[in-house]
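The structure appears below as C-alpha cells.
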Amino acid sequence: MASLFTRIISGELPGHFALRDDHCVVFMTIAPIRTGHALVVPREPYDHWVDLPPALSTHVFNVARQVGIAQRKAFGTKRVGLVIAGFEVNHCHLHCIPADVMDDLNFARQEQGVAAERLASAAATLAAQLRNDGVPGAL
C-alpha cells in the first residue's frame, strides 16, 4: 500500500515542492512549525531512516544539508534543526526546520490549516535559493 508521501511524490495528492531528483524530493510540510519547514523524503518508502541503504542515506542527508544551508539564507534564521521522528507517516522523512531558538523545534507549535498559497510561497523561496546555490534538482 502506498504511503501518504508516495502519493504526494507521484502527484496523486498535492504537494509544494522545492527539489526533485532521482532519489529524493523536498516539499513543504502541511503543518509547519516555522515558515520554510521542509521535508526531505526518499522516493522509495523505507519506513525507518536506519533502513535506508548506505548510498541513499548519504544522498538524503546531503540533500538535507543543502536544504539547511539554503533555508538559513532564504528565511534568515540562525540555525536549521534536523528532526527525524518517523511516527506520523510510515515513510522515512527528515524535517528541516528554520530555527532561532530551541522552542522553534517544538512540534506542539505546528500550525494547522496553512493556506496553500503560503506553502507555495515558501517552496518557491526555498527552490530559488537552492537554484542560486547550484543544487541539482532544485525547481
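Worth pointing out:
- Among the listed values [x] 36, 33, 27; [y] 42, 34, 27; [z] 66, 37, 18, the one matching Cα extents along the principal axes in Å as calculated from this structure is [x].
- Estimated dipole of the chain in Debye, rounded to 20 [Cβ of Lys and Arg +1, of Asp and Glu -1, Cα centre]: 440 debye
- By average C-beta atoms within 10 angstrom, highest first, the peptides 12-22, 36-46, 102-112: 36-46, 12-22, 102-112
- FRET E, pair F61, R20, Förster distance 25 Å, beta-carbon r, rounded to 0.05: 0.90
- Rounded to whole Hz, the Karplus (6.51, -1.76, 1.60) HN-Hα couplings of region 112-125, x for glycine and proline: 10, x, 5, 4, 4, 4, 5, 5, 5, 5, 5, 5, 5, 5
- Rounded Å value of the spacing that divides the Cα centres of region 1-74 and region 85-139: 9 Å
- The HN-Hα couplings worked out from phi for region 63-72 by the Karplus form 6.51 cos²θ - 1.76 cosθ + 1.60 (θ = phi - 60°) are 4, 4, 4, 5, 5, x, 4, 5, 5, 4 Hz, whole numbers, x standing for Gly and Pro.
- Note: relative contact order over the chain, using C-alpha pairs below 8 Å and six or more positions apart, is 32 percent.
- Zone of R109's modelled label, taken as backbone nitrogen in region 70-94 under 15 Å from a point 7 Å along Cα→Cβ: 76-83
- Potential lengthening of the chain between E88 and A116 amounts to 8.0 nm, from the contour at 0.36 nm per residue minus the alpha-carbon distance.
Here, each number is a calculation from the coordinates, and none is a lab measurement. Just so it is clear, the model here is predicted, and its values are computed rather than measured. Note: ideal-geometry Cβ built from the backbone for every residue, glycine included; neighbour counts use all protein chains shown.
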